[in-house]
Amino acid sequence: MARKPDDVLSDPRLDPLKQEYGSYSQEDFEVWKILFERQYKILPGAASEKFLEGLQTIGFSAEGIANFEEANKRLADITGWAIHVVPGLIDDDLFFGLLYHKRFPASTWLRKKESLDYLEEPDMFHDAFAHLPLLTDPDYTRFLKELAGIALKFIDNPLAIDLLSRVYWYTIEFGLIRERGALRIYGAGILSSAGETKYCLSEEPQQLPYDVEMVMNTPFWKNKFQDRYFVIDDFEMLYASVPSIERNLVDLLEKGE
């Protein structure tokens, strides 16, 4: 049964939360600075120009933890999106419901110094630094909203959500883009990882043209670097693939694959 998109905003599982900026400790600010400076140093020539522009537009820097209230004001004027604070990972119907309403779920907790390089669950640095800058791009955000709309139609079908999760994984989390003839990164899972930022652009993994059918038939790994990445030409191409995503999804469900 398809989920009604409006239900998510009143869902009792989404407790009203907000970023308590004054509660961040000195260690939190130090961790943010370490992670920001480490990543920012290797991003020129590696990250998408759209991401780097978005990072400036949204106002994030090494000198202060991302301020969601200020970021929301900027996003409201550009794409109409906003940040919705969540405690951590949330159910699929809530996740896609928020995206459909142009609200990106983000946590407000930061990893500790002893866990700079690996987390089992995404923290605020991943959510804010790596995801939020591209919410300034209209085609990127239209793709997010439309992908979420498809997910809500099939929210009670685990196979459908698994297949759509592959699309999300290989685009929003681990996608590459070709800019000015060179490979660049736009996937947040890569942009928040120093190791994978270097690895994904090397000759070791496969870098394949973005193909919806191939993406849906490619499982992914959560505990190690991917062995392949899919490359788009631009975010308009990503948005234009939405009808193909739904067609391929229906075909695969009918085949029972």
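The values are calculated or read from the model by the stated rules, or taken from the named source; none is laboratory data. Here the structure is a predicted model, which means the values were calculated and not measured. FYI the Cβ positions are ideal-geometry reconstructions off the backbone, even for glycines, and counts take in every protein chain you see.
Within region 43-72, residues that are under 13 Å from residue 183 (Cα atoms) sit with their Cβ atoms under 8 Å from residues that are hydrophobic (A, V, I, L, M, F, W, C) and in a loop (DSSP other than H, G, I, E, B), at 6+ positions apart or across chains, in these pairs: 46/201.
The residues in region 195-235 that are in a helix (DSSP H, G or I) and either among the charged types (D, E, K, R) or crowded, with 16+ Cβ neighbours inside 10 Å (or both) can be counted, and the count is 9.
Across region 194-248, the qualifying residues are those that are among the basic types (Lys, Arg) and closer than 26 Å to residue 149 by Cβ, and the one among them that is farthest from the chain's Cα centre (by Cα) is 247. Residue 3 passes every criterion in (1) closer than 30 Å to residue 160 by Cα; (2) of a type outside the set (A, V, I, L, M); (3) touching a helix residue (DSSP H, G or I) at 6+ places or on another chain (Cβ under 7 Å); (4) at pLDDT 95 or above apart from (4). Pairing each residue of region 177-192 that is modelled with pLDDT of 95 or more and surrounded by 24 or more Cβ atoms within 10 Å (Cβ to Cβ) with any residue that is among the basic types (Lys, Arg) and outside any strand (DSSP E or B), provided the two are 6+ apart or on different chains, yields C-beta distances under 9 Å for 177/50; 186/50. Residues in region 103-147 that are in contact with a helix residue (DSSP H, G or I) (Cβ under 7 Å, 6 or more places away or on another chain), charged (D, E, K, R) and more than 25 Å from residue 223 (Cα to Cα) were compared, and the one that is surrounded by the most Cβ atoms within 10 Å (Cβ to Cβ) is 137. Each residue in region 53-66 was checked for being farther than 14 Å from residue 188 by Cβ and not in a loop (DSSP other than H, G, I, E, B), and 5 of them qualify.
Within region 128-169, the set of residues being acidic (Asp, Glu) and touching a residue at least 24 places away in the same chain (Cβ under 8 Å) comprises 137, 139, 146, 156.
Which one is modelled with the lowest pLDDT, of the residues in region 105-158 that are aromatic (Phe, Trp, Tyr) and either outside any helix (DSSP H, G or I) or closer than 14 Å to residue 172 by Cα (or both)?
Here is the first cut: in region 105-158, the ones aromatic (Phe, Trp, Tyr) are 109, 118, 125, 129, 140, 143, 154.
Adding the requirement that they be either outside any helix (DSSP H, G or I) or closer than 14 Å to residue 172 by Cα (or both) leaves 109, 118, 129, 140, 143, 154.
Details: 109: 93, 118: 67, 129: 96, 140: 98, 143: 98, 154: 96.
Filtering first and then ranking leaves 118.
Of all residue pairs spaced 6 or more apart or on separate chains, those with beta-carbon atoms under 9 Å, a first member in region 86-102 that is under 17 Å from residue 68 (Cα atoms) and a second member that is in a loop (DSSP other than H, G, I, E, B) and among the β-branched types (Val, Ile, Thr) are 86/108; 87/108; 98/86; 98/90; 102/79.
Taken over region 46-62, the criterion of being over 19 Å from residue 123 (Cβ atoms) and surrounded by fewer than 16 Cβ atoms within 10 Å (Cβ to Cβ) is satisfied by 49, 53, 56, 59.
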